[in-house]
Each structure stands twice: as structure tokens, then as C-alpha cells.
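Heads up: the structure comes next, in C-alpha cells.
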Amino acid sequence: MYHFEKLEIWQKAMELVDKIYDYTETFPVKEKFALCDQIRRAVVSIPINIAEGAGRNSKREFVQFLMITRGSLYEVITLLMIARRRGYLPEDSFKGLLVNVESIGKMLSKLIASMRTNG
């Protein structure tokens, strides 16, 4: 097991990836290379950046990757909103995913603050 796999935020991010992949399977075929692809790339970048940052040599570099992660998280929120507006994602599914995203966002903010305080 790698160090980053022990991080709860990374584990939650991986769960979010699974959920979004499942939901995007139901999107229209015409969205396969558009919105579906975009949201999948955005959500995958969340655990990727956490892992990459955890493997860096300094807390400062880790925080930099966590800030990139935050940007990806906001991108996912926006893409979910678009999917909901287009009718590809029911309101209850949207709200459920948003709960997961917000949970990761809170964990991310706490981790960034901790790294900056203890850095």
C-alpha cells in the first residue's frame, strides 16, 4: 500500500470516481465524447492530484497539488450542474453526488489548512 492510499480524502475521491462513472453510463450517447468525457476527466483528476501531491518532497508542493485538486472539484460541481440542467442527471442523484463532493471539499480545506499550519 502506498502512503496516499491511507488518506481518507483519497479514498472518498476514489468512491466519487466510481459513482460518477456509474451515473455517466446513463448519459445520452451523443454526450459520450463531450460532457461525459469532461466530467470523467475532472473527477479522475481529484484522486490523481492528491496522490501526486502526497508523493512530492515538501508540504509546500503537496499544498500546491491540493489547490489544483480544489479546482478539479469545482469543475466537477459545474459539470454536474450542467448535466442536471440538460436533464441527464435527476435532481435526487445530483443532490446525492453534491453531498459527496461537498464532503471532499471540506476534507480538502482542512487538509490544506493543516499542511499550511504545520508547514
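Taking the numbered list (1) touching a residue at least 12 places away in the same chain (Cβ under 8 Å); (2) within 14 Å of residue 19 (Cβ to Cβ); (3) among the charged types (D, E, K, R) in turn, residue 92 passes all entries but (1). Assess whether residue 14 counts as being among the hydrophobic types (A, V, I, L, M, F, W, C), part of a helix (DSSP H, G or I) and either within 24 Å of residue 116 (Cβ to Cβ) or in contact with a Gly (Cβ under 6 Å, 6 or more places away or on another chain) (or both). So residue 14 fails the test.
Within the range 18-51, if we keep just the residues that are aliphatic (A, V, I, L, M) and closer than 21 Å to residue 86 by Cα, the residue that is nearest to the chain's Cα centre (by Cα) turns out to be 43. Look through the range 38-68, keep the residues that are part of a helix (DSSP H, G or I), out of contact with any helix residue (DSSP H, G or I) (no Cβ under 8 Å at 6 or more places or on another chain) and not β-branched (Val, Ile, Thr), and return whichever of them is surrounded by the fewest Cβ atoms within 10 Å (Cβ to Cβ). Checked the range 38-68; the qualifying residue surrounded by the fewest Cβ atoms within 10 Å (Cβ to Cβ) is 60.
Within the range 66-81, residues that are free of Cβ contacts under 8 Å to residues at least 40 places away in the same chain and more than 12 Å from residue 106 (Cα to Cα) have Cβ atoms under 7 Å from residues that are among the hydroxyl-bearing types (Ser, Thr, Tyr) and assigned to a helix (DSSP H, G or I) in these pairs: 72/45, counting only partners at least 6 apart in sequence or on another chain. Being part of a helix (DSSP H, G or I) and either on the phi < 0 side of the Ramachandran plot or within 11 Å of the chain's Cα centre (by Cα) (or both) is a property that residue 98 has.
Taken over the range 1-37, residues that are at pLDDT 95 or above, surrounded by fewer than 17 Cβ atoms within 10 Å (Cβ to Cβ) and among the hydroxyl-bearing types (Ser, Thr, Tyr) amount to 1.
The values are calculated or read from the model by the stated rules, or taken from the named source; none is laboratory data. Given the structure is predicted, the values throughout are model-derived calculations rather than measurements. All Cβ positions, glycine included, derive from the backbone under ideal geometry; neighbour counts span all protein chains shown.
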